[in-house]
Amino acid sequence: MATIAPSGAQGSEFDDGPEVFVPLTPEQAAVIRAANPSTSPWWVVVGQIVLGLLAVGLSLLWFDERVAKSLACGVLAVVVPAALFARGLTSRFARANVGAAVVSFFLWELVKIVVTLGILFAAHRLVADLSWPAMLVGLVVAIKVYWLALAFRRPGKPVQVLTPHGKSN
C-alpha cells in the first residue's frame, strides 16, 4: 500500500485559517496516478465497434436487412466521431501543455458533434427506407459503451493518505 503525505503542509483541514496550497512531489503524483489509472479512449472506441457489430449481427438474425442497416448507421454515428475524438485527444498537440489540451478537448468535442449530425443526416438521405427506431437503438447501444468503460476500468492500487500531522485518513 502506497502512502502519500503532504510535504510541508501547515495546520489541519479543520483550522479556520487560510488554506495553503502545497504542490505534490513527483513521487506523490506517481502514487496518485497509479491509484487512478486512466482508460484509453481507444479502448472505448474498440468496445463501441465490438458491441455495435454484435448488435448489427443480432438484428440481422432477428429482423430484416433494412433494420440492420439502420442500426449500423446509428452505431457509425457514434463510432466514427469517437474515433476522431480519440485521435485528437491522443495527438502530439493535445499533449503539448495544459492549455493546448483544453483547447484540443473542446475543439474535438465540437468536431464530434458536427460529424455525428452529419452522419445522421447522411443516413436519412442515403439509406432507403431508414428505420429511425433501429438507428436510435444503434446510437444508444454505442453510447452506453462509455458507461461500460467506467464500470469495467482497471482497478488502481490502494493509497493511504496522511494528514500533515502524520495520521492516516
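Points worth noting:
- Filter result (surrounded by 14 or more Cβ atoms within 10 Å (Cβ to Cβ), among the aliphatic types (A, V, I, L, M) and in contact (Cβ under 8 Å) with a residue 40 or more places away in the chain) within the range 26-51: Val31, Ile32, Ala35, Val44, Val45, Leu51
- Flag if Leu54 is free of Cβ contacts under 8 Å to residues at least 24 places away in the same chain, loosely packed, with under 14 Cβ neighbours inside 10 Å, part of a helix (DSSP H, G or I) and hydrophobic (A, V, I, L, M, F, W, C): yes
Yes/no matrix, rows are residues, columns are (1) over 30 Å from Ala29 (Cα atoms); (2) without any contact (Cβ under 8 Å) to a residue 60 or more places away in the chain; (3) not small (Gly, Ala, Ser):
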position: Ala100; (1), (2), (3): no, yes, no
position: Ile119; (1), (2), (3): yes, yes, yes
position: Leu126; (1), (2), (3): yes, yes, yes
position: Met135; (1), (2), (3): yes, no, yes
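- Those residues of the range 103-125 which are among the charged types (D, E, K, R) and farther than 16 Å from Ile143 by Cα, in sequence order: Arg125
- Test for Ala9: is it in contact with a Lys or Arg (Cβ under 9 Å, 6 or more places away or on another chain), surrounded by 11 or more Cβ atoms within 10 Å (Cβ to Cβ) and either modelled with pLDDT of 75 or more or over 19 Å from Leu136 (Cβ atoms) (or both): no
- Members of the range 102-142 found to be closer than 16 Å to Ala72 by Cβ and among the charged types (D, E, K, R), listed by number: Arg125, Asp129
- Of all residues in the range 131-152, those that are surrounded by 13 or more Cβ atoms within 10 Å (Cβ to Cβ), of a type in the set (A, V, I, L, M) and modelled with pLDDT under 90 total 3.
- The set of residues from the range 103-115 being over 15 Å from the mean Cα position of the chain (by Cα) and over 18 Å from Val80 (Cβ atoms) comprises just one member, Val103.
The values are calculated or read from the model by the stated rules, or taken from the named source; none is laboratory data. Keep in mind the model is a prediction, meaning the values are calculated, not measured. All Cβ positions, even for glycine, are placed from backbone atoms using ideal geometry, and neighbour counts span all protein chains on display.
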